Amino acid sequence: MIERLSPPGVPIPRGPYSPAVKAGGFLFVAGQVPLNPATNVMVSGTIEEETRQVLDNMKAILEGCGASLADVVKVGVYLKDGKDFAAMNAVYAEYFGDAKPVRTTIECGFMADIKVEIDCIAYKP
């Protein structure tokens, strides 16, 4: 069974996609950008500020779907500039602690107005 989920209080997608899709015990969370769901305005600041907003959005979606960051098994990080890796990684470590999922980090030049986007897959049977 596949469920397309849009928990309350999370950023509204700006395109034709669902914030999350549950398929069996897996939860796929769409790439999150530094959009403040309360104001619907992009957070445009340091890589640390943008990463916090992105991870707060991802955490809110997970929790709204009955999961948590501890259930995340795979993360994709997309950076506008690879030079931001260390600063993003320091914030990322604050959120995941010892519950370290596997991760891929890619530098993406097409991200004009944001510094970071993150997606994930969680497992919650």
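Taking the Cα centre of segment 2-123 as origin, work out the dipole magnitude from +1 charges on Lys and Arg Cβ and -1 charges on Asp and Glu Cβ, in debye rounded to 20.
Working: 11 positive and 15 negative charges, 59 e Å.
Around 280 debye, computed over segment 2-123.
Can you sort Tyr78, Tyr17, Tyr123 so the residue with the fewest Cβ neighbours within 10 Å comes first?
If I rank by nearby Cβ atoms, fewest first, I get Tyr17, Tyr123, Tyr78.
Given axes a ≥ b ≥ c from the Cα gyration tensor, I'd like to know whether segment 2-123 is rounded (a/c under 1.5), prolate (a/b larger than b/c) or oblate. Could you put the intermediate results ahead of the total?
Details: a/c = 1.67, a/b = 1.24, b/c = 1.34.
Oblate.
With unit charges on the beta carbon (Lys/Arg positive, Asp/Glu negative), name the residue among Leu55, Ala67, Gly82 whose Cα is farthest towards the positive pole of the charge dipole of the chain.
Result: Ala67, furthest along the dipole toward the positive end.
What aspartates and glutamates could a cross-link reach from Lys83, if we take a straight Cα to Cα line under 14 Å and drop same-chain neighbours fewer than 8 places away?
Glu48, Glu107
Using a cut-off of 17 Å between alpha-carbon atoms, which lysines can reach Lys100, once sequence neighbours fewer than 8 places away in the same chain are excluded?
Lys59, Lys74, Lys124
What is the gain in length, in nm to one decimal, between Phe85 and Ser44 on full extension, counting 0.36 nm per residue of separation less the C-alpha to C-alpha distance? Mind dumping the intermediate values first?
Working: separation 41, 0.36 × 41 = 14.76 nm, distance 1.71 nm.
Between Phe85 and Ser44, full extension yields an extra 13.0 nm.
When only C-alpha pairs under 8 Å and at least 6 residues apart count, what is the relative contact order of segment 2-123, in percent? Numbers along the way, then the final one.
Details: 233 pairs, mean separation 38.6, N = 122.
Computed over segment 2-123, the figure is 32 percent.
Would you please classify the overall shape of segment 57-125 from the alpha carbon gyration tensor, given that a ≥ b ≥ c denote the square roots of the eigenvalues, rounded means a/c under 1.5, and beyond that prolate means a/b larger than b/c while oblate covers the rest? Please list the in-between numbers first.
Details: a/c = 2.21, a/b = 1.73, b/c = 1.27.
Since a/c reaches 1.5 and a/b is larger than b/c, the shape of segment 57-125 is classed as prolate.
Quick note: the coordinates plus some simple rules give every number you see, no bench work behind them. Keep in mind it's a predicted model, so treat the numbers as computed, not measured. Cβ: placed from backbone, ideal geometry, glycine included. Neighbour counts: every protein chain shown.
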